[in-house]
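The structure under discussion appears below in the form of structure tokens.
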Amino acid sequence: MGSKKGNTGSAATATTLALFLVALTVFTVYIFVAKPIWSWFPPAINEIGHEIDRQFMRTLVITGVVFVLAQFGLAWVVFRYRTRGQRATYSHGNNVMEVIWTLATAILFIGLGIYAQRAWAEVRLKPAPPDAMRIEVIGQQFKWSFRLPGPDGKFGKYKFEAHPEQEFTRDPWVVDADDPDGKDDVILGPGSVFAVVVDQPVELLIRSKDVTHSFFVRELRLKQDAVPGMTVPLQFTATVPGEYQVVCAELCGQGHHLMGTFMKVLSREDYAAWLKDMTAE
Ligand SMILES: [Cu+2]
């Protein structure tokens, strides 16, 4: 038979839990302070990349403050209402408080979403500036290829044709030889590197020949699915010359991990030389 006091539990459990919550919160904050988020990613090389980093920071700070307050609040409640031999009381909740924190959460998340939509939408929905360099990006298992429209700035049509004699070996994605727009197109075949000019707007037209792939360059903070049957535009202006890794960010088959190449960001002169090399081949 337990004594009357035995039924009230122990205050030690509540105190320990409260201390544990405080320690866990302090440790979590320490992890973020010890390795600040600007050291997580390679530096962005475009304006939208910086905008996404700022949004990331905003989201992290706001949710971080809420996290710390919520955990400290929880620790305080656990400690404040620890057992002291009193009878437990029943609370039916508080409607006013519920409305307040539901509204606060909704405003916070919808607000962050509205704030961030510019960075997301601008690269996808806004028409590209007229001087944008257009590059077709084609994903296929397990290589990227690219096509430039040539001096006329226009892509030739593809001639999607079945080739009965070699149906399964011949690539049906052939630029139509009868289309004058396609005469000067520059094809950078599977596995090629591609290049853009520094400080010049670029519009990528992303397509896929087979399954869903995803075009991803960390320094651009851009990741876009390449969907069969669609041409998805994506725009950016790279401001830092260099060579940046392009990977496929969608598990697209057994060779998915091999599906990488590079994007060069070159000065106008270097780009002209690079293009000359490519077309000479
Ligand atoms: Cu892929």
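The values are calculated or read from the model by the stated rules, or taken from the named source; none is laboratory data. On a predicted model such as this, the values are computed, not experimentally measured, just so you know. Neighbour counts are summed over all protein chains in view; Cβ atoms, including those assigned to glycine, are modelled from backbone coordinates with ideal geometry. These area figures cover heavy atoms from the full protein model, side chains too; ligands, DNA and RNA do not enter into them. Shrake-Rupley method; radii C 1.70, N 1.55, O 1.52, S 1.80 Å.
The label-point distance for residue 67 and residue 112, in a model that sets each label 7 Å from Cα toward Cβ, rounds to 1.0 nm. Comparing 55, 117, 141 in a Gaussian network model of the chain, where Cα atoms under 10 Å apart are tied by springs, the biggest mean-square fluctuation is seen for 117. In this structure, the amide hydrogen of residue 141, modeled 1.01 Å from its nitrogen in the peptide plane, lies closer than 5 angstrom to those of 210, 211, counting only residues at least 5 positions away or on a different chain. Between residue 83 and residue 101, the simple spin-label model (points 7 angstrom out along Cα→Cβ) gives 2.5 nm. Sorting 213, 256 on solvent-accessible area from highest to lowest, probe radius 1.4 Å, gives 256, 213.
Placing unit charges on each Cβ (+1 for Lys and Arg, -1 for Asp and Glu) gives the range 133-280 a dipole about its Cα centre, and among 204, 135, 251 the Cα reaching farthest toward its positive end belongs to 251. Just tell me the longest site-free run in the chain, where the sites are chymotrypsin sites (Phe, Trp or Tyr not before Pro) in a DSSP loop having at most 13 other beta-carbon atoms within 10 Å. The answer is 169-281.
Solvent-accessible surface of protein heavy atoms, probed at 1.4 angstrom with all chains present, puts 143, 264 in the order 143, 264, largest first. Taking the longest Cα principal axis of the chain as reference, the axis of helix 47-80 is set at about 10 degrees.
Helical content of the chain, expressed as a calculated mean residue ellipticity at 222 nm, amounts to -12500 deg cm²/dmol (DSSP H runs of 4 or more residues, -39,500 (n - 2.57) each, divided by residue number, nearest 500). Spin-label model, residue 275 to residue 160: label points 7 Å out along the Cα-to-beta-carbon direction sit 2.9 nm apart.
Once the Cα-Cα distance is subtracted from the 0.36 nm per residue extended length, the residue 126 to residue 173 segment shows a gain of 14.1 nm.
Given 183/264; 154/183; 157/183, which pairs have Cα atoms separated by over 21 Å? Beyond 21 Å: 183/264. Between helix 268-280 and the chain there is an angle of about 60 degrees, using the helix long axis and the longest principal axis of the Cα atoms.
Legend: calculated FRET efficiency, residue 211 to residue 90, from the Cβ-Cβ distance at R0 = 45 Å, rounded to 0.05, equals 0.20. Considering only protein heavy atoms and a probe of 1.4 Å, how much of the accessible area of the chain is carbon and sulfur, as a whole percent? That fraction is 64 percent.
With everything on Cα atoms, drop me the angle between helix 11-34 and the longest principal axis of the chain, reported from 0 to 90° to the nearest 10. So the helix axis and the longest Cα principal axis differ by about 30 degrees. Using the 1.4 Å probe convention, the accessible area of the chain works out to 63 Å² per residue with neighbouring protein chains retained.
Remark on residue 174: its backbone amide H falls under 5 Å from those of 159, 161, a criterion applied only to residues 5 or more positions apart or on other chains, H modelled at 1.01 Å from N.
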